[in-house]
Every structure is written in C-alpha cells, then in structure tokens.
Amino acid sequence: MGPMSLRVASYFPFNVTCYLNGHSFVAQELTRAGVRFRKDDNAFLGVADVAALQAAADRLSAAVVQRRCAYWVRRLVPTFSPAERTALGPGYRYSMAQMELATDIVFKRSAPLKALFQRACELGVLVGGAERTTHLFGRRINRRYQGKLQTVLDQRETGHPVLRWYYETSFAKLYTRGDQHGDRILRNETCSNDTRHFGIRRRLENLPFLREKLAATNERCLALQAELLASTVDSGQLAALARPTVVGQRRIPGLKLHDDRLIRVLETLLHPAAFAPDWTTRQLHTRILARHQLAEPDYRLSQLRYDLAKLRAKGLVERIGATRRYRLTLLGLKLGVLLVKLRIRLLGPLATLVTNSSRRPPSPHHNSVETAFREIDTALDHLSDAIGLQHAA
C-alpha cells in the first residue's frame with residue numbers, strides 16, 4: 001500500500017484512524033506486472049498499458065484496505081490478555097470517514113491548459129447555482145435540506161485558483177497541478193466527508209458503491225466543462241506576433257495592433273477597390289500615399305521597406321522568386337483582415353468609448369452600430385460586477 005499513517009487513541013476502546021493514498025498501491029501493482037509508467041507525486045503522467053493501469057486501480061478493494069489496516073493495528077494497538085479476549089471478544093470494524101477520488105487529464109503543454117482553466121473558473125462562478133450543484137452530485141434537495149450548496153472560486157494560493165462545488169459537507173473541486181514541465185494536469189476531485197450524503201452507509205465494504213458515486217460525480221463535472229475544454233482559446237499566437245523575429249543576424253520587431261503605420265499598410269493591401277495580386281515596394285508606397293492623403297515626408301519609402309520587413313518576418317508577405325515584386329500569403333490574407341478589423345472596427349472604437357469620461361447624450365437619430373457599441377460597454381460593466389472586479393475610479 002505504500003506510506004500510511006495511523007492514529008491510535010490511548011484509552012479504551014482504542015479507536016484507530018488510518019490515512020492512506022491509493023496511488024502507491026497502483027504503482028506497486030504496475031511494477032510487479034512489469035508495466036512501465038511515469039509518475040509525479042500522486043499523478044500518473046504516462047503508462048505503457050492503459051488497461052493495466054485501470055485494472056491495478058480496480059484491485060484496490062475494501063478487502064485490501066482492511067488487511068493493510070488490520071496488519072498494523074495488531075502491532076500498534078494495546079494487546080489484551082487471553083482472559084480479556086475471552087471476556088471482551090475485542091475486534092475492529094472499519095468505516096469510511098473521508099474519501100477522495102480524482103480524475104486527471106494530462107496535457108502535452110501547459111499553455112492551453114492555463115487558458116482553458118481560466119475560462120472554466122470565470123464561467124463556473126457565473127453559471128454555478130443550486131440546480132447545477134445538485135446535478136453534479138446526482139442528488140435532489142427538498143425543504144429539509146441543510147448545509148452548503150454553492151460554487152466558490154478559492155484563490156487563497158496566488159496563481160493556483162481552485163473551483164469548488166459544495167454539497168452538504170462534501171465537495172468537488174477542479175484545479176491544475178504541475179510537474180517539471182509546468183502546470184499540465186487538470187485534476188477533477190470529489191471528496192466525501194459523509195458517505196450518507198451519497199445515499200451509502202459508512203461501512204468499509206461499501207467502498208465499491210462509493211467509488212462508483214464519486215466517479216460519476218467526476219464524470220458529470222467534466223461533462224459540464226466539456227464545451228469549455230473544446231473551445232478555442234488564446235494559445236500565445238497574438239503575443240508571438242508582437243515579439244521580435246531573429247533572421248540571421250537581424251532582429252526584426254514584431255507586429256503590434258497599436259502600430260498605425262503597420263495597420264495602414266495592411267488596410268491598403270486588403271482594400272477591395274485597389275487589391276493587387278502582386279506589387280513592387282514603390283507601387284505600394286504610391287497607393288498608400290494616395291489612399292490616406294499623405295505627403296512624401298509623412299511616410300517615406302524607407303519606412304515602408306521597414307514595415308514590409310516586419311510583415312515578411314511573420315510570414316504575412318513573401319517575395320516572388322528573385323524579382324522585386326511581393327504578394328500577400330494565405331496567412332497574410334486571413335490574419336491581415338483580422339488585425340485590420342479588430343483595430344479599426346472594434347478595439348479602436350471600444351477603447352475610445354470606455355476611456356472617454358464624458359458620456360455623450362443619446363442621439364435622436366438611430367445608429368445601430370453606435371447602439372451596439374454602447375450595449376457592449378454596458379455589458380462589460382455587468383460582467384465586471386458579476387466576476388467581482390471593481391470599477392476604475
């Protein structure tokens with residue numbers, strides 16, 4: 001069974017409390033079977049035979065736990081004389097006090113898990129409630145119910161939040177834990193402090209039934225998060241665009257949304273009325289000056305070459321063979337449209353709206369776009385209230 005702790009009362013009837021963790025038993029079973037595995041603390045990161053891992057976990061039965069506890073109880077608990085044993089008939093019956101069952105999802109990299117878990121925490125608090133919590137534990141409540149029934153985001157440990165669902169004295173929690181490669185493990189854990197809350201008596205022989213209940217709770221919890229786990233989240237590509245690119249001995253700056261010159265170049269390249277499949281630097285320079293009504297000193301040809309170098313370094317623009325002509329790549333077409341629309345049509349106006357302290361009075365003329373922007377501003381205020389963010393003074 002591996003390491004375990006025993007607490008023995010020093011007075012009659014010498015109650016015994018046993019503390020043990022099943023991961024050591026599973027590791028020993030795999031070692032005996034010759035199955036290779038990788039393990040970090042109490043998490044299995046990889047195994048050569050998944051079926052063997054599940055079979056080893058299933059062999060952790062009530063009988064195995066009782067034999068292990070009884071072995072140490074015989075050696076540590078005060079002994080009785082033969083006469084006392086005949087008169088008293090002493091013995092132990094084991095029951096379950098606190099039981100925990102965890103389901104681990106191991107990611108290849110920590111970056112996507114961090115973004116996914118952050119979203120799970122935000123939405124978990126927003127959509128949590130009595131109905132979802134009782135569904136999670138597979139229980140129903142009535143007027144006689146007493147105890148906790150809530151969803152809590154525990155942030156006592158900075159950088160490692162824990163999302164908890166409470167039902168009476170039991171709870172389920174979702175959190176990340178790390179190995180030598182960072183936080184790559186998403187752990188869903190259900191803890192029972194009273195098996196009767198799951199409709200199961202506390203005797204140890206009921207362990208298989210309790211394990212089924214705890215596993216079902218973990219499955220329902222992960223099912224609630226399934227849509228989030230399948231979401232597309234920020235995996236660092238936007239930050240990578242802003243970072244410099246090293247080409248040979250040159251260090252070329254990255255692409256930034258607040259760079260007016262760069263957005264102006266992309267907007268000119270993508271404008272439907274003047275779209276060209278390929279162009280020279282001088283042709284593009286002439287188009288930019290005409291479209292944005294700029295004079296030569298406002299935007300020099302050397303500045304355009306510098307901006308094109310940044311686009312080429314990120315793969316948005318490519319040179320055609322050994323010629324002096326250039327064209328947008330497929331990535332440049334897709335990402336260029338996104339960057340231009342975000343900056344000009346969305347982020348720019350929204351940033352102006354939320355940072356402008358003087359609110360304009362409502363106009364009698366209906367403007368659907370302006371109305372939509374103001375609805376977004378109001379929704380952001382409501383979202384800040386819901387997740388506990390204080391408004392800026």
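Laboratory data are not the source of any read-out in this text; all were calculated from the coordinates shown. Nothing here was measured: the structure is a model prediction, and the numbers come from that model. Methodologically, a virtual Cβ is constructed for each residue, glycine included, from the backbone with ideal geometry; neighbour enumeration extends over all protein chains shown.
Assorted remarks:
- Sorted by Cβ density within 10 Å, fewest first, the residues Leu289, Leu269, Leu101: Leu289, Leu101, Leu269
- Greater than 20 Å apart at Cα, pairs in Lys114/Lys334; Lys173/Lys213; Lys114/Lys173: Lys114/Lys334
- When the chymotrypsin sites (Phe, Trp or Tyr not before Pro) in the range 1-103 are filtered for DSSP coil states and for at most 16 other beta-carbon atoms within 10 Å of their beta-carbon, the remaining sites are Tyr11, Phe14, Phe80, Tyr92.
- Inter-site label distance for Arg85 and Thr352 at 7 Å from Cα along Cβ, in nm: 9.1 nm
- Relative contact order (%) - criterion: Cα under 8 Å, at least six apart; region: the range 237-386: 20 percent
- Annotation: lysines with alpha-carbon distance below 24 angstrom to Lys341 (same-chain offsets under eight excluded): Lys256, Lys310, Lys314.
- For Ser170, the amide hydrogen comes within under 5 Å of the amide hydrogens of Asn193, counting only partners 5 or more places away or on other chains and with H modelled in the peptide plane.
- Simple label model, 7 Å out from Cα along Cβ direction - Glu205 to Arg327, nm: 7.9 nm
- Viscosity 1.567 mPa s, temperature 4 °C, Stokes-Einstein D of the range 1-94 from Kirkwood C-alpha radius, µm²/s: 84 µm²/s
- Förster radius 41 Å - calculated FRET efficiency between Val246 and Ser110 (Cβ-Cβ, nearest 0.05): 0.95
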